[in-house]
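Structure, as structure tokens:
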Amino acid sequence: MNLDQADIVVVGGGIAGLATAHALNRRGYDVVLVEQRFLAFGASGRNSGGVWLQSMRSGAELSLAQNSLEALRHLEDELGPTFDYTASGGVFFYETEQQAQILADFAEDRRRLGLSAEKISADDARKMAPGVPESAIGAVYFADDAKLNTSKLVKGLGQLVRKLGVRIYENTPALSLIRSGNAVTGIRTMRGNIVAGGVVWCAGPWATNLDSEGVQLPLKLVRVGLLMTQPIRANLPAMTRGPLGARHLKPLTALPSYRDDAFSDPEPLPGKPGYEDVVVQGGEGNLYVGHTLDAANSLNPHITLESSRVMIDTILNRRPEYGELGVTGLWAGIVGSTPDELPIIDQVEGLYINTGHSAGAATGLYGGELMAQMVAGEDPGMPFEEFSLGRPSLNLGSNHLYATGSL
Ligand SMILES: Cc1cc2nc3c(=O)[nH]c(=O)nc-3n(C[C@H](O)[C@H](O)[C@H](O)COP(=O)(O)OP(=O)(O)OC[C@H]3O[C@@H](n4cnc5c(N)ncnc54)[C@H](O)[C@@H]3O)c2cc1C
């Protein structure tokens, strides 16, 4: 029995899926989208929404994020202020002279890329950004950083594309692909088949399940934790990054002056996780405190007590007065990223794939645009090779098998 038929069926109701559906719909395709649970069920509904241009590598990563930022601004014009988009920059504070010197080099490196990076006092950082501790001795302010609520964005895009004729089926997992020769001509779901001229797989970390279809993707999974407080009175719109876990920032660690021992890394679970040290004030005034990184290569989304403790200890050490705040959310989400941390936007064995967004709040919107360009056979806005499954930086080897490593 057929549930529906369309030009293209998109699998996955996160930012990658909705951006792809929207971009295809704009090109006149008849689109169906299926989501196994509900829109923004995955990482797109669980993140802190930072567009951290400050920590993007030059080249494809930064360009993808800058194009996405541009697309976000256009979308805000179209949807109105519905997804708490705020271009209020981000600060990176430091607590030692050694960190100050490395961050001065980091700022210089970022300025060479055309990003704004300005040294500010710790007092000024505390006035504009949440969670900057008394122990901070200074900060760098990156004016190009921005934030948004990706859950609201995904739901807003869902409403928009529904009005434009896209059929969205929630609680409808795609179970398998329908193939005809070399072509993928639809999907099987519990509610019936959806027949289509093409299928775009935007399933985030669950794209690893394509193994059963003979499509192996080089995705490593990490569980990212987040704590949300009730609103605070102050309006501190700039995002905060601190020095814990700085070893996860590739452009920083690539600097000749970088030293691991200048930045510590809390370890909530021995040997495995890390910390991405950010605090962001959400559109309703709440604080997002994060991010613990643990549970390599598991789809289990439950945050552990250990990871919760690390986030609570960190914020209480920094700002003891926040101890009075109610905790209104404590959760984790799974992120699937590639070895070079760029998404895969490609056609593989007849199946279109748009997955592997490790910073999808920053890269997801333009990723959808690129996917639609590929489906439509248009000239790409960015070189498709940079996001292909066969690119050398994925180190796939001759048989395209990926040996999953530790984080
Ligand atoms: C705590 C946390 C904080 C983060 N902070 C940031 C940040 O500050 N900045 C940033 O840029 N990024 C951040 N990220 C990462 C960002 O959230 C992700 O990169 C992004 O959401 C990935 O989007 P996606 O659409 O590719 O995947 P997802 O949002 O995971 O969406 C995939 C969807 O596919 C659905 N699906 C899977 N399999 C099937 C199937 N068989 N059939 C139907 N549907 C299916 C899933 O249910 C899911 O809804 C954070 C992530 C987390 C968890």
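Assorted remarks:
- Model label points for ARG309 and ARG191, set 7 angstrom from Cα along the Cα-to-Cβ axis, are 4.4 nm apart.
- With R₀ fixed at 45 Å, the C-beta to C-beta distance from ASP261 to ARG73 puts the FRET efficiency at about 0.65.
- Three-way shape label, region 40-89, alpha-carbon gyration tensor, a/c 1.5: oblate
- Proximal aspartates and glutamates relative to LYS155, as straight alpha-carbon distance under 19 Å, when same-chain residues fewer than 8 apart are discounted: GLU35, GLU76, ASP77, GLU78, ASP84, GLU170, GLU284, GLU369
- Equivalent ellipsoid dimensions for the chain as semi-axes, Å, which come from the Cα gyration tensor, largest first: 36, 22, 20
- Each Lys and Arg contributes +1 and each Asp and Glu -1, all at the Cβ; summed about the Cα centre of region 1-107, the dipole is approximately 200 debye.
- Among the chymotrypsin sites (Phe, Trp or Tyr not before Pro) within region 1-82, those in coil by DSSP and having at most 15 neighbouring Cβ atoms inside 10 Å are PHE38.
- Kirkwood Rh and Cα Rg combined as Rg over Rh, evaluated for region 154-261: 1.12
- Difference of contour (0.36 nm per residue) and Cα-Cα distance, ASP7 to GLN230: 75.9 nm
- Coordinate range along principal axes, alpha carbons of region 90-167, Å, largest first: 57, 30, 16
- Residues ASN182 and SER58, FRET efficiency given R0 of 41 Å [Cβ-Cβ distance, rounded to 0.05]: 0.65
- Relative counts (whole %) of C-alpha pair distances in region 291-348, using bins that are 10 Å wide: 18, 38, 25, 15, 4, 0
- Other residues lying with their Cβ under 12 Å from the Cβ of PRO320 contribute a combined charge of -2, Lys and Arg counting +1, Asp and Glu -1.
- Once the chain from ASN317 to LYS163 is taken as fully extended at 0.36 nm per residue, the excess over their C-alpha distance is 50.6 nm.
- Cα shape, region 7-52, gyration tensor, a/c 1.5 rule: oblate
- The charge dipole of the chain, taken about its Cα centre with unit charges on the Cβ atoms of Lys, Arg (+1), Asp and Glu (-1) only, comes to about 800 debye.
- Helix runs (DSSP H) in the chain reaching 15 Å along axis by Cα, Kyte-Doolittle at least 0.5: 15-26, 360-376
- Net charge over other residues, Cβ less than 15 angstrom from the Cβ of GLY14 (K, R count +1; D, E count -1): +2
- Positive dipole terminus of the chain, leading residue within LEU157, LEU389, TRP52 (C-beta point charges): LEU157
- Local electrostatic count at GLY283 - Lys and Arg +1, Asp and Glu -1, tallied over other residues with Cβ under 12 Å: 0
- Here's the picture: charge each Lys and Arg Cβ at +1 and each Asp and Glu Cβ at -1 in region 264-385, and of SER308, THR363, LEU342 the one pushed furthest to the positive end of that dipole is SER308.
- Choice from VAL11, VAL375, VAL280 with maximal GNM fluctuation in the chain (Cα, 10 Å cutoff): VAL375
- Taking the chain and dividing mean pair separation by its residue count, relative contact order in percent (alpha carbons under 8 Å, at least six apart): 23 percent
- Given charges at beta-carbon only (K, R positive; D, E negative), |dipole| of region 123-181 in Debye: 640 debye
- Estimated FRET transfer efficiency when R0 is 60 angstrom, pair LYS127-GLU349 (beta carbons, to 0.05): 0.65
- Tensor-based shape of region 63-196 (alpha-carbon gyration tensor, a/c under 1.5 rounded, otherwise prolate or oblate): prolate
We did not get these values from a lab; they are worked out from the coordinates using the rules stated. The structure presented is a predicted model; accordingly, all values stated were derived computationally and were not measured. No Cβ is skipped: glycine too gets one built from the backbone with ideal geometry, and neighbour counts run over all protein chains shown.
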